[in-house]
Amino acid sequence: MLVRKKSFGRLLLIMLAAGILLLAGCSADEQEQLTGVTILLDWTPNTNYSGLYAAIDQGYYLEEGLDVEIIQAPGSVVQMVAAGQAEFGISYQEEVTYARISDMPVVSIAAIIQHNTSGFASLKDKNIETPKDFEGKSYGGWGSPVEEATIKALMEQYDADFESVDIVTTGEVDSLIVMQREADFVWIYYGWTGIEAELKGLELNFIELRQVDPALDYYTPVIITGEKLIADYPGLVEKFMRATSRGYRLAIEDPLEAAGILLEYAPELNEELVKASQQWLADRYQADAETWGIQDRETWLAYSEWLYEEDLIEEIPDIDDAFTNEFLR
């Protein structure tokens with residue numbers, strides 16, 4: 001249903017654009033010059049991606065001569081983008097860091113949200129207010145090494161015993177259900193799961209990572225592309241990012257409109273959650289940055305150094321190759 005709706009919406013926009021071009025006296029050849037572009041999502045549709053849907057819906061990509069398709073990645077986003085199977089994708093700083101170390105030529109070209117909004121959440125009655133309180137509790141996660149390393153590092157700051165924590169691999173499932181049935185605390189993104197908990201009346205304690213350790217204020221999520229696309233078609237990347245930036249500016253300035261657009265393309269989502277999440281994120285997409293999407297070298301370096309110090313990576317990649325602000329100015 002979603003695919004049909006997206007396809008119809010895009011077809012409608014193309015038809016409208018074609019009509020505008022005809023009125024302007026353009027030739028049929030010029031109409032056919034739209035460049036097909038694919039961006040891969042790393043998760044199901046949610047408010048992190050609202051700017052992309054807004055750019056499609058408002059015709060910003062068409063104005064740049066791009067016919068953009070948004071699809072959920074059938075596999076690893078970084079691997080597919082690195083292999084040239086898609087022009088763009090959604091990833092996060094940690095994944096890009098690992099990819100660079102593995103010689104995958106992907107580059108982060110924008111931070112969708114300026115600060116890390118993730119952290120460890122638990123039901124209020126668990127009395128987990130600091131990493132010290134993780135002692136003797138169970139954690140439910142998706143099984144990534146970085147989860148254990150993060151919990152351990154935070155607990156060490158509080159002189160707490162990491163070995164007393166029971167790590168339960170639950171996979172990529174509903175965190176709120178895990179929190180209520182399988183584990184004492186989980187890792188969530190507050191802008192979605194935290195807001196969902198509020199709407200359901202669940203009282204949470206939330207330990208925001210960046211408040212405990214500034215090195216954990218990394219970029220998540222980010223938009224990535226491949227080095228080859230930047231080298232061979234910098235104009236295409238520039239056009240894509242110009243339209244994408246306009247989409248996120250719409251989400252910042254008019255969150256309810258952005259929510260309505262996202263719901264049109266993903267009608268299966270909870271309307272109340274989308275609207276509340278969109279309003280919560282509106283001030284956080286750009287936050288204190290000069291403009292939406294800007295990435296800071298110190299943020300990239302600090303998190304890489306943290307991963308290195310925690311023995312999660314054996315080398316620090318060349319930070320200047322991992323990201324660029326070139327297409328945001």
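Computed from the coordinates by the stated procedures, all read-outs in this text should not be read as laboratory data. Because the structure is a prediction, the values reported are computed rather than measured. When we count neighbours, we look across all protein chains shown, and the Cβ atoms used for this are built from the backbone with ideal geometry, even at glycine.
Looking at the chain as a GNM with Cα springs under 10 Å, which of VAL37, VAL274, VAL146 has the largest mean-square fluctuation?
VAL146
Explain nothing, just the number: dipole magnitude of the stretch 45-192 about its Cα centre with +1 on each Lys and Arg Cβ and -1 on each Asp and Glu Cβ, in debye rounded to the nearest 20.
120
Report, by chain and number, residues whose modeled amide H sits under 5 Å from the one on LEU66, excluding near sequence neighbours (fewer than 5 apart, same chain).
Residues meeting the criterion, in which the H sits 1.01 Å from N, are THR35.
Nothing charged except the Cβ atoms of Lys and Arg (+1) and of Asp and Glu (-1): what's the magnitude of the dipole of the chain about its Cα centre? Round to the nearest 20 debye. Mind dumping the intermediate values first?
Details: 22 positive and 59 negative charges, 273 e Å.
Approximately 1320 debye in magnitude.
Comparing PRO214, PRO45, PRO74, which has the greatest mean-square fluctuation in the GNM of the chain with Cα pairs linked when under 10 Å apart?
PRO74
Taking only pairs that are 8 or more places apart or on different chains, how many Lys pairs in the chain have Cα atoms under 26 angstrom apart?
17
Hey, of [x] 20.7, 72; [y] 22.6, 94; [z] 19.6, 65, which did the structure itself give for Rg and Dmax of the Cα atoms in Å when calculated?
It is the value labelled [x].
I'd like to know which of GLN157, SER144, VAL173 lies farthest towards the positive end of the charge dipole of the stretch 139-184, counting +1 on Cβ of Lys and Arg and -1 on Cβ of Asp and Glu.
Toward the positive end, the furthest listed residue is VAL173.
What number comes out for the charge environment of GLU271, summing +1 per Lys or Arg and -1 per Asp or Glu over other residues with Cβ under 15 Å away?
Numbers: positive: LYS200, LYS275; negative: GLU196, GLU257, GLU264, GLU268, GLU272.
Net local charge, GLU271 excluded: -3.
Residues of the stretch 296-317 with backbone nitrogen within less than 17 Å of a virtual label 7 Å along the Cα-to-Cβ line of GLU227, please, listed as ranges.
Correct set: 315-317.
Which value, in debye to the nearest 20, gives the size of the charge dipole of the stretch 127-229 about its Cα centre, when Lys and Arg are +1 and Asp and Glu are -1 at the Cβ?
With Lys and Arg at +1 and Asp and Glu at -1, about 340 debye.
Using Cα springs under 10 Å in a Gaussian network model of the chain, which residue among ARG249, ARG210, ARG181 shows the largest mean-square fluctuation?
The residue that fluctuates most here is ARG181.
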